[in-house]
Amino acid sequence: MSIKISSFLGRFGYEARRIAPNLAAAAYLKLQFATRSHDGDAFCKWFVEQDQVPMPQVVNIETINRCNSTCSFCPASVKCEKRPLCKISDDLYHSIIDQLADWGYEGHLTLYGNNEPLLDTEIVERHRYAREKLPKSFIFMSTNGLILTLDKIRELQPYLDQLIINNYAHEYKLHKNVQEIYDYIKAHPAEFEDLEIIIQMRYLGEVLTNRAGAAPNKQATEKVYTQTCLLPYTDLWITPNGKVGICCCDSLEVTDFGDVSTTPVKEVWEGPKLQGLRKAIVEGRHKYPFCKNCDFIDAGFRTDMIKLVMKGDQAAANRIGGEEKKNRKK
């Protein structure tokens, strides 16, 4: 499909995040809350009013809880990770994918959480299995690219719709291996015509959100946020041990909304714990202790997705995040 380099506000935005990270973060979040909160509030209200609990829009399965980067904002970096090492078992992974297939799930799937997915030595085979069982799902991967190679992209290509490479660095420059990947694919576009590849220029020391107080470089304050949050309504968040958490901000896995190693996936998603959370924060995240001081807001594809869902066009929502899928090579 394509390969492109992306950065919010381009080189100017990158330098702003590098030179004045706190000011840039505050301005960015203010913009996102101003432009996205209305649609988010509308979707959350729509969700809890449905007679049948709507399916998740994104299923996140973290297959190994480790990362190899040193990002200053991330509690799962090699400097900050506190969780015992855990890798999902083949039986549990296959069970989750099989259940999604039986459920008729066709939404977004990513084998990623607070981690680097390429550290899972079985990541290619896991994607192969997911594609086989969920042929209509939009499968995407986010990686920091530090150990990514062209050969690995070739292995993953038949199973992915989109590959996002977050090029975290201290300067506006591609890592050597990422530059080589970019140059090769630019010169040989036909070889990767079924895969959309986005390289995002990211500042390694930038300040983002406080992640409910877990971000190493931005602790939560006493400020209470009254906006709601999309993630409990759009995302199913599964950790390697099968535990379902509230969202990506629970990097220490302190929330517990079910265990898909013992309870069916659909039952957890529609169950009283998650529904109780959703009914609480539909009035604002200040109604739920874990969320009340969290300033996270999704600034990605979910806002576009929920607009389509509320219009009744779930099929179009399932394709959000990349170009419309082409026929894959078998």
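Expected output is a single nm value to one decimal: the length gained when fully extending between SER2 and GLU122, i.e. 0.36 nm times separation in residues minus the C-alpha distance. What is it?
40.6 nm
Jot down the per residue volume, in cubic angstrom and as a whole number, of the convex hull over the alpha-carbon atoms of region 100-181.
96 Å³
Mean Kyte-Doolittle hydropathy of -0.5 or higher plus an axial Cα length of 18 Å or more: which whole DSSP H helices in the chain meet both?
The qualifying helices are 21-49, 90-103.
Based on the alpha carbon coordinates of region 193-320, what radius of gyration and maximum Cα-Cα distance (Dmax) apply, in Å?
16.2, 49
As a test of the definition: which semi-axes, in Å, follow for region 131-276 when you take the square root of five times each eigenvalue of its alpha carbon gyration tensor? Largest first, please.
On the way: eigenvalues 214, 111, 29 Å².
After diagonalising the Cα gyration tensor, the semi-axes are 33, 24, 12 Å.
Quick check: net charge around GLY13, other residues with Cβ under 11 Å of its Cβ, Lys/Arg +1 and Asp/Glu -1? Write down the numbers at each step before the final one.
On the way: positive: ARG11, ARG17, ARG18, ARG202; negative: GLU15, GLU206.
Spelling it out: positives minus negatives among the neighbours equals +2.
Taking loop as defined by DSSP and a crowding limit of 13 other beta carbons within 10 Å, which GluC sites (Glu not before Pro) in region 240-330 fit?
Hits after loop and neighbour filter: GLU323, GLU324.
If I compute Cα extents along the principal axes in Å from the structure I just sent, which labelled value in [x] 61, 59, 53; [y] 59, 45, 39; [z] 51, 48, 42 lines up?
Looking at Cα extents along the principal axes in Å for this model, the match is [z].
What percent does the relative contact order of the chain come to when contacts are Cα pairs within less than 8 Å and at least six residues apart?
Computed value for the chain: 25 percent relative contact order.
Give or take rounding to whole Å, what are the principal axis extents of the alpha carbon atoms in region 1-79, in descending order?
Answer, in whole Å and largest first: 49, 35, 33 Å.
Please work out the FRET efficiency for the pair GLU49 and GLN200, using the Cβ-Cβ distance as r and a Förster radius of 41 Å; give the result to the nearest 0.05.
Step by step, r from the Cβ atoms, then E = 0.70.
In square angstrom, what is the accessible area per residue of region 23-119 with a 1.4 angstrom probe?
Solvent-accessible surface per residue comes out at 43 Å².
The values are calculated or read from the model by the stated rules, or taken from the named source; none is laboratory data. These numbers were taken from a predicted model, which means no experiment stands behind them. We place every Cβ from the backbone using ideal geometry, glycine too, and count neighbours over all the protein chains shown. Just the protein is used for accessible areas: all its heavy atoms, side chains included, with ligands, DNA and RNA removed. Shrake-Rupley method; radii C 1.70, N 1.55, O 1.52, S 1.80 Å.
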